[in-house]
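S.K.: Can you keep this structure in mind? I'll have questions shortly.
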Amino acid sequence: MFKCVKVILAAALFMSVSGANAAFITYTSESAWDTAVGASTVEDFNSITSVTSFTTTPLTVGNLTLSGFTPNHPDFNKVFQTDPYFSFTSSHVNFATSNVVGDQFRIDFGTGVSAWGATIANLEPVRGSSFTAFDSNDVALGTMNAYNASNNAFHGFELTSGEIASYIVFNANTVDEFAGLDDAKFVTADAAVPEPGSMLIFGLGLLGLGYIRRRKAA
């Protein structure tokens, strides 16, 4: 019986650890992302009708809160209505980052998401541009690397193992990396609820621990 309990505990531990690994899938096709995640919400930023900066004060637009820093170029880390640099035709986000600690563009989600994507312009693969998603405990869930430096390329990700992204951060290996973003799409997710199988494993683990304690006490 004691050996059996040890086996159950080992299996429960293994499965709980294995289940904690995030399945982070990236997409370069918007249609493929749409098919994979199903219904989503789109934030087109058109509710912002004048140039609005988020360099010193975060800006909340729907489920997204944008924050950044003051870059060398004055036209970034702001929401613009016209586009002198990329090929957006309506309100959009111009953002910047650098390799200086603290100089990052960040998007926080009011309600966590299981999938996110956007039309992004001017991400430079040679500069190490990427987005990293984090959960509410600041654990990195995965990184979405730049793959195309041209205008209006879709970048998206999906979490498929129950993880929830609380925010994403844009990173680059060089100082003053600039890009644009529009039509952010996301799928909101409630706090993860343990599956019945996980609850069973957890219960068996507690049962085993109780048995071991009683055995030691005897």
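S.K.: For the residues TYR27, TYR147, what sequence is obtained by ranking on other C-beta atoms within 10 Å, fewest first?
M.R.: Fewest-to-most ranking of TYR27, TYR147: TYR147, TYR27.
S.K.: By how many nm would the segment from THR143 to ALA36 lengthen if fully extended, with 0.36 nm per residue of separation less the alpha-carbon distance?
M.R.: Full extension from THR143 to ALA36 adds 36.7 nm.
S.K.: Taking neighbour counts of Cβ atoms within 10 Å as a proxy for exposure, in what order, fewest first, do VAL93, VAL37 appear?
M.R.: By the 10 Å Cβ count, ascending: VAL37, VAL93.
S.K.: Once phi is turned into θ = phi - 60°, what whole-Hz ³J(HN,Hα) does the Karplus curve with 6.51, -1.76 and 1.60 give for every residue of the range 169-180, x standing for Gly and Pro?
M.R.: Karplus values, whole Hz, x for Gly and Pro: 10, 8, 10, 8, 8, 10, 6, 6, 8, 10, 7, x.
S.K.: Here's another thing I want to ask about it. On a full-extension model of 0.36 nm per residue, what is the gain between SER47 and VAL126, subtracting their alpha-carbon distance, rounded to one decimal in nm?
M.R.: 25.1 nm
S.K.: Now, a different point. For an R0 of 35 angstrom, estimate the FRET efficiency from the Cβ-Cβ distance between VAL175 and THR111 and round to the nearest 0.05.
M.R.: Efficiency, from the Cβ-Cβ distance: 0.55.
S.K.: When every alpha-carbon pair in the range 23-192 is counted, what percent end up more than 29 Å apart?
M.R.: Tail of the P(r) past 29 Å holds 10 percent of the pairs.
Readers should treat all values here as calculations from the given coordinates under stated rules, not as data from a laboratory. This one's a predicted model, so the numbers in the text were calculated from it and none came from an experiment. So basically every Cβ, Gly included, is an ideal-geometry build from the backbone, and we count neighbours across all protein chains shown.
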